[in-house]
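Structure, as structure tokens:
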Amino acid sequence: MNIDYKSEILRLKKELNVTLVAHYYQKDEVFAVADIVGDSLELARKCKEDKNDWVIFCGVGFMGQSVKVIAPDKRVLMPKIACCAMARMIDGEAFERSVEYMVSHGIDKENIMPITYINSDVSVKAKVGKMGGYVCTSSNAFKIIETALKSDKKILFVPDRCLGQNFAIAMGLNSCVIGEGECDPKEADIICYNGFCSVHQLFTLEDIEFYRSTYPDIKIAVHPECDPKIVLASDFSGSTSQLIKYVNELDPEQLVAVGTEYNLVNRMREKNTFVLSSTKPSCPTMNETTLEDVYNTLKSIEDNQPINEIFVDEESIKYANMALTRMLEIK
């Protein structure tokens, strides 16, 4: 039997008490049927405010966990519980080893202020929350770090080394990466975990040089998950939402090459926008979700047999919620 998935999804959304949420990196077909779209910070805030009992989250696993943490009474389902590669680079034990590294180099645990990028498992967020730390996204990391610095503690930033380094440079701070060269926590303001986004590592200085030599007046805009040397060579760096705003506010005739996930760049504007890469920078896990997956998830609610539901234990909810709440309170 042939099913018109889009029509069925629209029908089921009307009949069920469901909100369909999609991250900007989702495929166009999934993005088009969502009720709420955005980057990590926007989605966290909008899901918390949403009145429906059910959330279907089209994204990666840590995003569904985050909704469950800040709104534990909601039923959260994911058409595909895809795993962010960066989030897989750190777990609770690896976080503890990073803390121990700083302690072994003369920093008291009480003098460590941890910040975890939202691209992390709930177990990491819970440990950060228990230590009085914060979650951040790429769009609010500057404000979170600025607030954390007021504690006069050493900042442990996990898991994305690039994000930590880029904001350190922007703020005139010293940073180092655990496991990369000599990393003395006493000499650095921000001590970074050695994680990264595989997609944003695809962009190179050669890509920038190619576009600048081919189109001398072109603008280069990149995500701060890119390597610091890429960010320094660009005209603008910002989160997903900030990149969209930057590109949309350019003169329509202004050429721009954007260094971030392909699906997002492809739908920014119709002309004069290029992907800053010789290869297609597509996030494999974000692209796992299909319309059929969304339909099957909605149908499972209609059939009273929900699939792929996100569950988080009470202790993790308690402490991860502390870290996420601290983030959401900073405007």
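The values are calculated or read from the model by the stated rules, or taken from the named source; none is laboratory data. Values in this document were obtained by computation on a predicted structure and should not be read as measured data. Every residue, glycine as well, gets a Cβ built from its backbone with ideal geometry; the counts of neighbours run over all protein chains shown. Accessible surface is based on the protein model in full, side chains and every heavy atom, while ligands, DNA and RNA are left aside. Shrake-Rupley method; radii C 1.70, N 1.55, O 1.52, S 1.80 Å.
Before moving on, here are some points about what is shown:
- Simple spin-label estimate for D28 and K150 in nanometres, 7 Å along Cα-Cβ: 4.5
- Of the solvent-accessible surface of the chain, computed with a 1.4 Å probe and all protein chains present, 48% belongs to carbon and sulfur.
- Accessible area per residue for the stretch 41-158, computed on protein heavy atoms with a 1.4 Å probe, is 38 Å².
- In plain terms, the chain from L250 to S213 could stretch by 11.3 nm, reckoned as 0.36 nm per residue minus the Cα-Cα distance.
- With eigenvalues of the C-alpha gyration tensor scaled by 5 and rooted, the stretch 88-238, Å: 29, 15, 14
- The candidate values were (i) 87, 56, 34; (ii) 62, 45, 36; (iii) 64, 54, 30; the one computed from these coordinates for Cα extents along the principal axes in Å carries the label (iii).
- The residues of the stretch 176-280 have, on average, 47 Å² of accessible surface per residue, using a 1.4 Å probe with all protein chains present.
- Separation of the I169 and K186 label points, Cα + 7 Å toward Cβ, nm: 2.8
- Each Lys and Arg contributes +1 and each Asp and Glu -1, all at the Cβ; summed about the Cα centre of the chain, the dipole is approximately 580 debye.
- Any cysteine of the chain lacking a neighbouring Cys Cβ under 4.7 Å - listed by number: C47, C58, C83, C84, C136, C162, C192, C197, C226, C283
- Cross-link pairs exceeding 28 Å between alpha carbons, from the set K68/K127; K68/K219; K299/K331; K125/K186: K68/K219; K299/K331.
- Between the stretch 197-257 and the stretch 47-106, the Cα center-to-center distance that results, in Å: 28
- Gain upon complete extension [K6, E93; 0.36 nm per residue less C-alpha separation]: 27.1 nm
- Extreme residue, positive dipole direction of the chain, given options C226, V99, Q201 (C-beta unit charges): V99
- Placing +1 on the Cβ of every Lys and Arg and -1 on the Cβ of every Asp and Glu, with no other charges, gives the stretch 77-214 a dipole of roughly 520 debye about its Cα centre.
- Spin-label model, T290/E110: points 7 Å from Cα along the beta carbon direction are separated by 5.7 nm.
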